[in-house]
Structures are given as structure tokens and as C-alpha cells.
1. Given B:Leu282, B:Ala7, A:Phe17, which one lies farthest toward the positive end of the charge dipole of the protein assembly as shown, if we put +1 on the Cβ of every Lys and Arg and -1 on the Cβ of every Asp and Glu?
2. If you count only protein heavy atoms with a 1.4 Å probe, what accessible area per residue comes out for the range B:494-578, rounded to a whole Å²?
3. How large is ³J(HN,Hα), in whole Hz, for each residue of the range A:57-66 in order, when computed from phi with the Karplus curve 6.51 cos²θ - 1.76 cosθ + 1.60 and θ = phi - 60°, using x for Gly and Pro?
4. Based on the mean of other beta carbon atoms within 10 Å per residue, what is the order of B:277-285, B:205-213, most packed first?
5. Farthest toward the dipole's positive end in the range B:523-592, which of B:Gly569, B:Leu527, B:Ile549, given Cβ charges of +1 (Lys, Arg) and -1 (Asp, Glu) about the Cα centre?
6. In Å², nearest 100, what accessible area do chains B and A bury in total when the solvent probe is 1.4 Å?
7. Which ³J(HN,Hα) values in Hz, rounded to whole numbers, follow from the phi angles of the range B:583-596 under the Karplus curve 6.51 cos²θ - 1.76 cosθ + 1.60, where θ = phi - 60° and Gly and Pro get x?
8. Given charges of +1 on the Cβ of Lys and Arg and -1 on the Cβ of Asp and Glu, with all other atoms neutral, how large is the dipole of the protein assembly as shown about its Cα centre, in debye to the nearest 20?
Amino acid sequence: MTSTAFEQVRAIASDLFVVPAQEITSNSSPETIPAWDSTQHLIFVMALEEQFQVRLSPEEIEQMTNIGAIARVLDSRPKNAPE
Amino acid sequence: MTTHSNAVRATLRDEIDFLISSGASQAARARLAELWREENGVASAAFVTSRFERLREQLALRPYRLTILRSFTVEPAVPLLRATAFLSAIDLAVRVGDFNAYAQEILDDGSWLYHSETDAVVLAVRTAEIAPDLWQSFTDLSPQEVEAATHRVADSLAQWIRAFRQRSQAPLIVHNLEQTSQPAIGVLDAQAANSQTAAIQSVNENLRRVAAEHRGVYVLDYDGLIARHGRLRWRDEQKWLTARMPIAAGQLVHLSNEWMRFLAPLTGKIAKALVVDLDNTLWGGVIGEDGITGIKCDSEYPGAAYQAMQRAMLDLAKRGILLAICSKNNPDDALEALTTHPGMLLRPKHFAAMRINWLDKAQNLRDIASELNIGIDSLAFVDDNPVERESVRAALPEVTVIELPDDPMEYANSLRDSPVFERLSLSAEDQQRTTYYVEQRERNDAERSFQSKEDFYRFLQQEAEVAPLSRASLGRIAQLTQKTNQFNLTTRRYTEQQIAERAETRGWQVNSIRVRDRFGDYGLVGLAITRDDGDTCEIDTFLLSCRVIGRTVETALLSHLAERAKARGCRRLSGWFLPTKKNAPARDFYAQHGFTLEAEGQDGTEWTFDLQEGEIACPEWIRLNVLTGVQN
């Protein structure tokens, strides 16, 4: 299955972790990207919420362990109307 | 915020990276500004800051260090603030205090807070943390307990402010307390004797008083900020419970912008003049086509948008911001509308300069800056036409171009939102500024009718008054060190606390000079800070407002310094000239007054004057009064 959110998630991760987008794969995670620490994870979540105009629940955030998983969570969400 | 398609988004970023790698730093900066206008969010903030970090060597950025003490997670807002600061040419380093450790950090003498360098401190605490009883369990409290709680919280805030001020000179920005979105007793809260809203309000009122009693303590109206953006939208309760982050993602940018409204005046990144377009900016319609009866400016829709814009500009003028016009029009049409249209709140007398012609706007802006005697980077420009805005940005990147939304009803808000118009104190001089410029025009006209400069000086009948630092002059003196760029020998920027500290230190003197002449009162326009070191009196700071450059007031002030230094037993006056991009008018000051070049350093030149050999006389056309008095 192709992900519609993947490219956008990757672009946001590239901005935040200062890593070229093409080096980020669906397996990229805090283990493979050194800048991705717990503070950056919160900032990442907030950047996703802002860009996708959603509010992510603690349960969803728990599933977001790598780029692929993040894209899957966002694909499963209908885009909310802007707040 | 607009969300770009991924392709557009990547293209602009690639272009910026290409410009950086090919050394085109100014072009890269312009594209980063464009990116930030298009998408100012958490992700793009990280991109913008990481690219500015690569550019910082090439761009002239002002380094500034901010410390944030906090009771909640602020980290996601920090990159937003740093990105905004970078685009205002501030290289901002932010240190965030430990989570909920603000009280110990402030109260402990040995705290890192007092052993690391910082330029300003933010104290960001919330009602929920410092007044949990008032916030969470209000209905459990008796009226006496409510009163006790408000006193306890108000006293804690006052104690932290006092303790901080005793240990640090840095400006302190304190968040006030937010109100609940749903008072515990419901609608009755608005009229009940025991009201939750009133209790929190009384803490905020007390904070207002305490801040006014201390130098360099400023209140950030956190409650007002949240109210402006909507209390229910502001909060994210789930993130608060799971990550101690109480603010919703989309609102962080507003907190960052509010911090910036304090940082802009603290770093001197402010506009001294606002230059406005006329057609569809100051009034609706085009005067050359619609005529005076066709343009819109009144209290009804759609003219009300433009009246609101003019009201905002009048408010800025009251803060001391000069207004000027730059418009492509026939001057007669435009002036007739300004003079006779019944709906105008602004009249020709409100504008310190006007360029109504068909010339290029960038050239007109340069002329306006030179007429007003301020730097081009002290100009803000507002125009409804995006093409004009873009061409000014391209030609004069140092001008602050105000972005306007499509809806004219929102124009006034765009002006009121801009940090470059913020001031942290208002002096009497600020509120009179337009009058000074009108008087100045009269002086310039008079000057042309005299054959010699000396005759003109005698005609002016200048009177100068030199006085030591006083409580009343402190704000204006600090402001002059912050804002004066041209006649400023060392361009050392001082806060009020730093000035006061110097004046209280043995061997230091802080003197200011006020000037008036037959046309009016210039107010407090110059100052000198000196320090005796053995038998040498060293001039640390010597500056004059641009309003009095070329009136020999500098000689009068210098003569006073020389006379006083000699009276204290000094044998020499010494001083540095530290050149900047803007202080060429002060370059020859020491040479012209008989000083000898003593040393040439990396940053500038050092000059000395032998007080035993020579004398510096006050010009005969200036009557100099010297006030002595207690320095307090």
C-alpha cells in the first residue's frame, strides 16, 4: 500500500532533524537519527499536528515509533478542517 | 499558514541550500524570509534556524542570549522564536531552565542563572502551577481562603521579582496569570462576591504594581494573549497530561510572536518611522480615478477598515513613531483628500515627510530616511500592493515591510501586531516627536536665510542644561544608548539597570543634556558617561540625538566634561571612537576638538586631550546651565 502522508512526514522530519529527505526511509527512527531525542519527538508530533491540522491522541503518539508508523497513523486519519 | 504542496516546498528549500552553498548569503536570507512568510510553523522554524546557523558568519547579526524560566514545557516554541529572531537579524541563543525549578533558580545565589551570561530572562509560570487552589479547587475555598491564596501568589511573584532584581541586572519579562475558560461557579462568577476571575485578576493587578516599582521588569499579558486567540483553542489538555505541554500546536507561533514583541525593543530592532502608501492603504479606492467623493474612509463598511488603519497609525504616532507618506499620485489630488476629506483621522500635520510622486518607491524611501535623519533600517513600509512590497524588499532588504492580508478589515491588526513598533517605556520626548520634526522644518527654513553658520547659531538662542542622572531621566538615557546610531562615539547599548549601576559606582559619572532654542524644546538629546581612572577621565559613552547634530551642542557637552574632570583633579580626557556602519558623523569629533590620536586598535581609535595644556570652550552662542543635585 502506498502512503499519501509519507512524503510530507519525511519532509517535516528532514526540516526538524536537519537530514536530507532522501536519507529518510520508513524505517528511520530515534535509533537511526541521532537528533531525534524525546524533546525532538514532542516537537515532531506538534509539527505533524500543525501541518496535517489534526490533534493526535496519546494512543496514536505511542504508535509513532518510526517514520513508516507515523505515516500509517496519519493515513488513517481524515484531514480535519482547519481549526 | 499556507501549506505548500510537497514539490513547491522542496523547491524553495533546495534553492535556499543552493544559494547558501554558492555563497549568496543575502539572496539566501531573502528566500528564507519568503519561506517564513509562507509557512511560519514548527517544522519550517527548524529549517530556518538550521540554515541561518550556516549563514551567521556572513550576515551581520546581533547576538542575544535569552533565558526562559518555566513551569511548563516551552521547548517546541523556542525554534519558532529563534527563527523569527534570525529574520530580524538577531542571533538568539535560548537557555531553558529546569522543569518547574524556577523558584530555586531565582532564589538561590549560587544558581546557574546568576553565573551564566544572559541578556534577558522570561519567567513563564501558569495559574495552574503557582495557584492550583485558585485554578483547580476554587469551590473548596472559603472567601477568607481565597483572599489568603491571592495574597500568597501575589507575594510569591513579588518575592521572585525582588530576588531576581537584587542578583541580576538583566531585563525580566514575567508572564501574568491566565483566567480559566470555565469559572467554577459558572455564569454567577461575573457578579459573585467570591469570584474566581476576580481573584486571579487581583494577582495580576498586584503584578502590574510590582513590575512598575522595579527597573527593567515587564509584564507579558499571557492572559490577554490567550484571550486574543481563544481560550478553548489555546489549550491541549492531553499534551499537558502526557508531556507537560499545555499549548496546542497551532498556537505556539502566537506565544513566540508575543515574546518577540519584547525582544524587538530590547535588542533595538525597531522602526522609528512608518511609511505608508495612500490608495487602498490609507483610504479605499484610487484618488486619481475615484476622486475625493469616491474614496472610502468613514465609520461604515467598507470605509471603516481604512479609518481603523488610520487610528492604528495615530496610536503608533503617540508612541513616538514618525509617520510618512510614499505614494504614486498627483500630489495636489492626494493633499486635497488628506486636507479636506471629512473621514480622515490623519491630516498633513501628522506626517513628518511626504513623497507623493511617480518615482520608484525604494528611492523615495531612501529620501525619506535622509530627510528624517534616520537609518534606512529604521523604516517600516506598508502598502496594499504586493508588487510594491516585493520591489522594496528586493531593493532595500533592511526596511521592515509589513505584510498585509487580503481583507482590508484586517489591515489595522497587521500594524498593531508588528514587533518593530513596540516600546517598553515611553518618554515625554516620544509623545512629542512629530512636533519636534515640524519645528525642525522651521529651523531648516530659517537656516537658509543666514549667510554664516555662526549668525544662524546666534539667532537660534540655544540654551543647554547639563544634569547628572536622575530617576526621571533614566528611561530616556537608556533609550538614547539603545537607539542612537549616528552621533555615537562608542555605540555601547545599556539597559536602565546598567546605567543606574554605573552612576552609583565610584568614579563614574552619567550626565545628560537638554536643549531648547527659539523654535522649541528639543528635550533630552545627549549624554556622556565617563569614568575616572587615576588622573585620566575616560569617556565611555558620548552621544547626541540626530535632532541636534550640527548645532555645536556636542562642543558644549564636551566643554562641561573637560571642566568637571579638571575640577576633580584629572590631567587628561581620553576616549575611543569605535566606527560602525552608521556613526560616520562622529568620526572627526575628537580630532576637531584638539584631541591627539593615542592608539589605533582593531576596533577603533583612542584619543586623548591634555587638560593642563589645552581648554575646550563652550561655544559663545550656547548658554550652558549646569544642574547639580543628588544622583538617584
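1. The residue sitting farthest along the positive end of the dipole is B:Leu282.
2. Roughly 34 Å² per residue, with all protein chains present.
3. 7, x, 5, 5, 4, 4, 6, 7, 8, 8
4. Output ranking for B:277-285, B:205-213: B:277-285, B:205-213.
5. With unit charges placed on the Cβ atoms, the residue in question is B:Ile549.
6. 2200
7. Calculated HN-Hα couplings, in order: 9, 3, x, 9, 4, 9, 4, 5, 4, 5, 9, x, 6, 9 Hz.
8. Once rounded to the nearest 20, the dipole reads 1140 debye.
The values are calculated or read from the model by the stated rules, or taken from the named source; none is laboratory data. This structure is a prediction, so every number in the text was calculated from the model and none was measured. Positions of Cβ are generated from backbone atoms using ideal geometry, with glycine treated the same way; all protein chains shown enter the neighbour counts. These accessible areas exclude ligands, DNA and RNA; they are computed on the full protein's heavy atoms, side chains included. Shrake-Rupley method; radii C 1.70, N 1.55, O 1.52, S 1.80 Å.
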